[in-house]
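Contents: one structure, followed by commentary.
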């Protein structure tokens, strides 16, 4: 790790059949910047990192049997929530760019009860991205019948 | 390398057949803390969040055929989670093992300066824990590993 490494406490590592393709798509669709690519002597990518806004995700090749792209497994065991601080992006522009790059739209941008403006899409290998812009206002009440509890106290 | 102001976050949401049991286990094994629970009218879990230091994860259910636990996917993970520890990774591993974690890779120093271990949880989600022991430059890392490295973080 570099001396000025910005360590994120918990980070995601996504498996792809085509990690180079994934890096290119994340740049085209989300404006991500590829930060690191590690390749073996044979030139094959073994690890990469890409992100935006100071956050980064690891992009990995598949490693059968336990690490597989959603394209292989048919479903996701985990999804990622990309969240931007209030006022830092225009969610409709972000959505339009992703859609133009070929993202499969699952949910168009909409306001959630907790205040975020978010959309849901699938990338070319089926990884599900929940992309949102945090709201400035305090969250509204949850939908009818849903109960919210904060066991450690309401977060800041 | 220029330091970028953090204006975005990337949080993983993991799917479990038994999310309430997962919350209990992640607290016991890894020291995570549940911070938010959303429950349905029938009392079942809709969504939850846990924190660990300034990090966060979400724990949910198999709420569609596209959102499945590794248990339902023959053990496959489409993502794994990397957790940075500030101290005592060996003690963290011992605690996880005592709670029943299946340790896949024992704590070991890596060429890039971190000491890491990997384990999976009762439903097969894979977790990598890392503690940075020393800073390593890109050149040092390349020389030590024989790999080709573009960029550095």
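Only the coordinates and a few stated rules stand behind these numbers; no lab work does. Computed from a predicted structure; not experimentally measured. Cβ placement follows ideal geometry from the backbone for every residue including glycine, while neighbour counts extend to all protein chains displayed.
Quick notes
- Here the spin labels are modelled as points 7 Å beyond Cα on the Cα-Cβ line, and at residue A:28 and residue B:149 they lie 3.0 nm apart.
- Residue among B:113, B:43, B:55 with the largest mean-square fluctuation in a Gaussian network model of chain B, springs linking Cα atoms under 10 Å: B:43
- Debye-sum result for region B:59-105 in log10 I(q)/I(0), which assumes one identical scatterer on each alpha carbon, at q = 0.13, 0.22, 0.29 Å⁻¹: -0.45, -0.94, -1.12
- Sum of -39500 (n - 2.57) over DSSP H runs of 4+, divided by residues of the protein assembly as shown (222 nm, nearest 500): -5000 deg cm²/dmol
- Computed over the protein assembly as shown, the percent of Cα pairs more than 35 Å apart is 16.
- Helix axis angle, B:19-30 relative to chain B longest principal axis, alpha carbon, degrees: 30 degrees
- Rounded tilt (10° steps) of A:19-30 against the dominant C-alpha axis of chain A: 30 degrees
- Computed Rg/Rh of region B:11-62, alpha carbon atoms with Kirkwood Rh: 0.95
- Other protein chain Cβ atoms within 10 Å, averaged over every residue that makes up A:78-89: 6
- Listed residues A:12, A:137, A:41, most fluctuating in chain A (Gaussian network, C-alpha, under 10 Å): A:41
- Centre separation in Å (Cα based) which lies between region B:75-150 and region A:5-60: 17 Å
- Take each residue of peptide A:54-67, count the partner chain Cβ atoms within 10 Å of its Cβ, and average: the result is 4.
- Top of B:122, B:19, B:41 by mean-square fluctuation, Gaussian network on chain B, Cα under 10 Å: B:41
- Bins of 5 Å from zero: percent of alpha-carbon pairs in chain A: 2, 8, 15, 19, 19, 15, 11, 7, 3, 1, 0, 0
- Helix A:91-100 vs. chain A, principal-axis angle (Cα, 0 to 90°, nearest 10): 40 degrees
- The Cα atoms of region B:36-78 give a gyration tensor whose axes a ≥ b ≥ c have a/c of 1.5 or more with a/b no greater than b/c, which makes the shape oblate.
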